[in-house]
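Below is one structure, written out as structure tokens; the observations come after it.
Taken together, the values in this text are just the output of simple stated rules run on the coordinates, not laboratory data. What you see is a predicted model, and the numbers here were worked out from it, not measured in a lab. Quick reminder, even Gly has a Cβ in these numbers, built from the backbone with ideal geometry, and neighbours come from all protein chains shown.
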Amino acid sequence: MSLDLAVIRAQFPALHQQVNGEPLVYLDNAASSQVCRASIEAVRTFEEQDKSNVHRGVHTLAQRATSAMEAGREQVARFLGARSSDEIVFTRGTTEAINLVAGTLGQSFVEGDEVLITHMEHHSNIVPWQLLARQRGIVLKVAPIDDRGVLDLAALVGLIGPRTRLVSVVQTSNTLGTRNPVAEIVRAAHDAGVPVLLDGAQAAPHEAVDVAALGCDFYAFSGHKVCGPTGIGVLYGRRELLAELPPWQGGGDMIERVSFQGTTFAEPPARFEAGTPNISGIIGLGAACDYLRGVGFDAIAQWEAELLDAATQVLQAVPGLRMIGTAPDKASVCSFVLEGAPAADIGTLLDMQGVAVRAGHHCTEPLMERLGVPATARASFAFYNTMDDVEALGRGLHKVRKILG
Ligand code: PLP
């Protein structure tokens, strides 16, 4: 079940380059993973041979484009364990998927209704609800976390009340790596008759997702984090729920019939996909999903756990370094602060050594405030990273320590 890293790395052309005179060590996977060859080639085939618009054409290229795009929907449905590809709505990414739920389901919310999130959400699962609060007077409830970055599940369950209309939580924190107990959250919410949206942006790259088994009502993730293209993402919606939602954006493809007297709307998923979709993105995402399933999430999870253990040890050996996010159940994300070293300087000094990490608030400002740090440096690992990458990070940080004193 172990991974052949040489074979895997050969599938990622961008990994094989020098940056600032050093071999690239790419540890910014939580922001964006590299794209696999299968995805690059699927996009190239479409652009070189099948480029056409979808759904409305009778000619051969239009039919080929439509089949390839709908095959992408099937591939994504299998990737998520959805019962039907009709449950897969394509969006620009996780952010747009969450906004779609806020702009459809959210339109039935009234003043005083509540949306329950956690303190570790990405801005994309905070701001859409704040906009809804402005428009409709809903109330945003926030479940607390402890100092390690572990969600207080009992407190979250206690916040589910008669006015709760949606529980919307991150499955895996992009800043902390914390893996939340989403099955328990879904169970508790459903016991109270409340639907659940899972932000799977950081879970989908690392573990097999099974939305049918989880029973969640909505699931969002982004193509660019699962070895696919940018500008494409997914909203999974349980079929019965999608069928009840009103349209979001209006335009071509989302209608059944249009007249000036009135318009009727297509069934899901077309109802939520106004305009020409990101056809090449969908095709590239489908190929990436198949590629990841082929590698196998058991092997991916096992290797990433080894990388996380090794990286945690290497980081803790750097004088003055403090890990941010020490939950017992973590994905391969390591956030840290280094005494006397601003996060941005750490990022820049590591880049000079070819090591790519992210520095900043990671679009989780409320979380940063809760943990009392303005920013962190973050090394995030993918299954194609090696133990040499972990060592390069350690060497790089010891150098940073020397330079900054
Ligand atoms: N949610 C989480 C947990 C994320 O990590 C990210 C991106 O970093 C997002 C949402 C937003 O994803 P996107 O920018 O692809 O819409």
Quiz item: In nm, what is the difference between 0.36 nm times the number of residues separating VAL139 and THR263 and their Cα-Cα distance?
Solution: 41.3 nm
Practice problem: Report the residue, chosen from ALA188, ALA203, ALA310, that carries the largest GNM mean-square fluctuation when the chain is represented by alpha-carbon nodes joined by springs under 10 Å. | Solution: ALA310
Quiz item: Which of the peptides 128-135, 52-59 is most tightly packed, and how do the rest follow, judged by the mean count of other Cβ atoms within 10 Å per residue?
Solution: 128-135, 52-59
Quiz item: For VAL127 and ASP191 in one chain, what is 0.36 nm times their gap in residues minus the Cα-Cα distance, to one decimal in nm?
Solution: 20.3 nm
Quiz item: For the chain, what is the mean residue ellipticity at 222 nm derived from helices alone (per DSSP H run of n ≥ 4: -39500 (n - 2.57); sum divided by total residues; nearest 500 deg cm²/dmol)?
Solution: -11500 deg cm²/dmol
Practice problem: Take peptides 340-349, 384-393 and line them up by average Cβ neighbours within 10 Å, highest first, as a rough protection proxy. | Solution: 384-393, 340-349
Exercise. Evaluate the relative contact order of the chain (contact order divided by residue number), counting alpha-carbon pairs under 8 angstrom at least 6 apart; express in whole percent.
Key: 23
Self-check item: Dipole of the chain, positive end: most advanced residue of ILE98, THR172, ALA189 [Cβ charges, Cα centre]
Solution: ILE98
Self-check item: Share of Cα-Cα pairs in the range 83-242 lying beyond 29 Å, as whole percent
Solution: 10
Practice problem: Grab the other residues whose beta carbon is less than 13 angstrom from that of SER85, score K and R as +1, D and E as -1, and report the net. | Solution: -2
Self-check item: Pair ALA301, ARG78: separation of 7 Å Cα→Cβ label points (nm)
Solution: 2.0
Quiz prompt | Under 29 Å from the Cα of LYS330 - lysines, other chains or at least 8 residues apart | solution = LYS141, LYS225, LYS399
Exercise. Give me the percent of DSSP beta bridges within the chain that run antiparallel, rounded to the nearest 5.
Key: 60
Quiz prompt | Under 12 Å, Cβ to Cβ, from GLU339 - net charge with Lys/Arg +1 and Asp/Glu -1 | solution = +2
Practice problem: Using the 4.7 Å Cβ rule, please list in number order the cysteines from the chain without any candidate partner. | Solution: CYS216, CYS289, CYS334, CYS363
Practice problem: Sort largest first and round to whole Å: the equivalent ellipsoid semi-axes of the range 20-70, each the square root of five times a Cα gyration tensor eigenvalue. | Solution: 35, 12, 7
Exercise. Return the single residue from LEU242, LEU214, LEU100 with maximal mean-square fluctuation; model: Gaussian network over the chain, springs between Cα atoms under 10 Å.
Key: LEU214
Quiz item: If one computes the Cα centroid of the range 119-167 and of the range 195-236, what distance in Å separates the two points?
Solution: 19
Quiz prompt | Cβ-defined net charge surrounding HIS59, 14 Å radius [Lys, Arg +1; Asp, Glu -1] | solution = +2
Quiz prompt | Taking only Cα atoms of the chain, radius of gyration then Dmax in Å | solution = 21.7, 73
